[in-house]
Amino acid sequence: MLNNSKWISYPYDTKFACPIFKKSISLNGEIKRATLKITSIGCYVACLNKKRIGDFIMAPGFTSTKRVQMQTYDIKELLEKENEMKVILSQGWYKGRINWRANKDLPHRYPALICEIELVYKNGQREYIYSDESWECSLSKITMSDIYDGEHFDNQMSESYSPVKVQDYPHSLIVNQQGPIVKEQEIVLPHRIFKTPKGETVIDFNQNITGYFEISLDAKAGDRVSFSFAEVLDKDGSFYTENYRSAKAEFEYICRDGVQSHKPLLTFYGFRYIRVNEFPCEITKDSVKAIALHSDIERTGYLDSSSPLLNKLFKNIIWGQKGNFLDIPTDCPQRDERMGWTGDAQVFVKTASYNFNVEKFFEKWLTDLRLDQTKSGLVPSVIPQVWGDDWSGAAWGDASTVCPWQIYLTYGNKDILKKQYKSMCMYIKYITSVTKDKYLWTGCEQYGDWLGIDAPAGSYKGASDQDFIASVFYLYSTSLVIKVGKILSKNVEKYERLYANILNKIRKTYKEYKTQTECVIALFFDVAEDKKAVSRQLADMIIKNGKRLQTGFVGTPYLLHALSQNGYSELAYDLLLQENYPSWLYSVKQGATTIWEHWDGVNDKGEFWSKDMNSFNHYAYGSVADWVYGVACGIKTVEEKPGFEEIIIEPTPTKKLSWLSAKIKTKRGVVSSAWFKEGDSFRYEITTPSDTTVIINGKKHFVKKGSYVF
């Protein structure tokens, strides 16, 4: 692609300052069609005649370093007789601090630009403008831009152009745009502006978002604007940034004369609060507005209930997904991390695919997983792999099997199984090759039940046996390889034998379960031989703990499922509706507007769990929504006819709520399920776009497309 164009860069390393590239273009007649094809190593903003080209924020996106996505824009309406095209380039995800661990190994030292403009005149003539030695470059007014540290913009700087440097980078890096682009989405206006006990001026947007902001002011040349960002206030009500770790997350702007507005161009922030360090005039609610960014994914799922607290949780789950689905499924959007953690993506993918249409989003991310998977089959803990670590843990690496399977179930996308099947098999081969004990996964470093609150002092891992967790996920991923192999008409006999041997070995080796998470995964993944006894044990553990959970990243997504599948639906509702710590609604009552990384990110005394790992926008525990969609409201896919070609709707109501409803926009239409408490009975209102089996109190009703009341 772009074979006639050349990679061009600034002649030397600009560090975090952003170079700008310029090309003058004169038209030779009336234009019929004009197209720009462009990509970069680093992130770019392209302008034609001072007007931005396209609305892709942070283009060309975050991918494996083995590829870059090319964008195609229609630029006809931006053209004039004489034209000036400019492109600003930052280090972005490729060379910035976010990639510091791998920087020394990256083959392409300088951020670089490559593009082609095709002009088709009405007389049939075609003209091409390529990126090459004819372009000029300068340092831009962006004196610093980094994803972790923010952006500095100096409106008083002038541009001084000189020849570009042509880089011998391969054209084979370039691929067509695969995933949805990142766009500006909601505008969030200030909720209040106040003074903290320390005298700080702080803007509260009343919503933790991922994005940036736009300032508007009347200033003099040289006046300075300086902002800092935070998710929460400390217990005294003052600005708190320690959980950002080394991420400076700052903004500085040097003004020109007159009325002006500005927003960052090549970075983003995770924040609810902005501290105004400097502002040349009185700052008001009209001076700044926040702009939420996320991938351009369509909202498809809706949950609603009679409980205001539960509804706030549902809203927080949506905001958590939006804030962390910025081109990749990040763990968090604010601190010096913002990585595509595989474990988070794996536990949340079902909820994600119901809340939003994420089919293309995961196709793109799974392509990078496939590219960054090692020859041994190891799946790195973060995708894209920019940390240079050849290490993987159970329930994290299993994103390679779980995510494509769920995308297939939700969207009926068989193609994604074809593309990922080899990767799935390689992952099983990797586990088999590294384990200490045959037919188990032992002897390797693991994440365990990450952040389980039954963890011993000083540990981030829960108390659950990490080898047991790893072995169960070995079993689970093998089962998915079998299912996918059969769909693709592959011979899966060796995997069926492997599955039987793993299951037998697990049952012989692990006969007792000592934690909530161990009970949960033993039940959910069909490891427990006496499910009745294990489910009773789990229920007893929860009840003795005050009807509260102790699970972490591994146990929590399956906890309510394990209970409801084994006759303890009311106890599952007790956990969902629990308001005391630890619980989903505890953070809601503490004022959360997204999902927290820790159950006790802030305790009831206003004290923080930790400084180094305490995100307040971490979507993983929002995976509970898939239980609400699929069990409480009962909307289920059918494996044999995925993509909601056929549906099972089997609601599980409770008298603890007056009503509950779920709606999912599928490829075949909207499916909805709602139930309402009416005295000692329930009224069910169901709409389906496909042939559906409705199960009410164990009785099956076979219905066609339409709306029904039971």
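The values are calculated or read from the model by the stated rules, or taken from the named source; none is laboratory data. Because the structure is predicted, anything quoted here is derived from the model rather than measured. When we count neighbours, we look across all protein chains shown, and the Cβ atoms used for this are built from the backbone with ideal geometry, even at glycine.
Here are some notes:
- Summed over the stretch 602-635, residues that are part of a helix (DSSP H, G or I), under 21 Å from Q334 (Cβ atoms) and among the aromatic types (F, W, Y) total 2.
- In the stretch 175-186, the residues that are part of a strand (DSSP E or B) and under 20 Å from the mean Cα position of the chain (by Cα): V182, K183, E184, Q185, E186
- Out of D437, D415, sole residue that is of a type in the set (D, E), in contact with a helix residue (DSSP H, G or I) (Cβ under 9 Å, 6 or more places away or on another chain), at negative phi and without any contact (Cβ under 8 Å) to a residue 24 or more places away in the chain: D415
- Residues satisfying the stated conditions in the stretch 47-78, i.e. of a type in the set (D, E, K, R) and either modelled with pLDDT under 95 or part of a loop (DSSP other than H, G, I, E, B) (or both): K50, D55, K66, R67
- Taken over the stretch 363-418, the criterion of being in a loop (DSSP other than H, G, I, E, B) and within 22 Å of G643 (Cβ to Cβ) is satisfied by G412, N413.
- E518 being among the charged types (D, E, K, R) and assigned to a loop (DSSP other than H, G, I, E, B): no
- Every condition in (1) touching a helix residue (DSSP H, G or I) at 6+ places or on another chain (Cβ under 8 Å); (2) assigned to a strand (DSSP E or B) holds for I297 except the one numbered (2).
- Residue in the stretch 260-273 that is buried (at least 22 other Cβ atoms within 10 Å of the Cβ), assigned to a loop (DSSP other than H, G, I, E, B) and not assigned by TED's automatic domain parsing to the domain that holds S228 present: no
- Hey, P280 free of Cβ contacts under 8 Å to residues at least 12 places away in the same chain, surrounded by fewer than 20 Cβ atoms within 10 Å (Cβ to Cβ) and farther than 25 Å from P60 by Cα or not: no
- When every residue of the stretch 416-428 is checked against the conditions, none turns out to be small (G, A, S) and either modelled with pLDDT under 95 or out of contact with any Lys or Arg (no Cβ under 6 Å at 6 or more places or on another chain) (or both).
- Residues that are part of a strand (DSSP E or B) and either of a type in the set (S, T, N, Q) or at pLDDT below 95 (or both) within the stretch 636-670 comprise T637, S661, T666, listed in sequence order.
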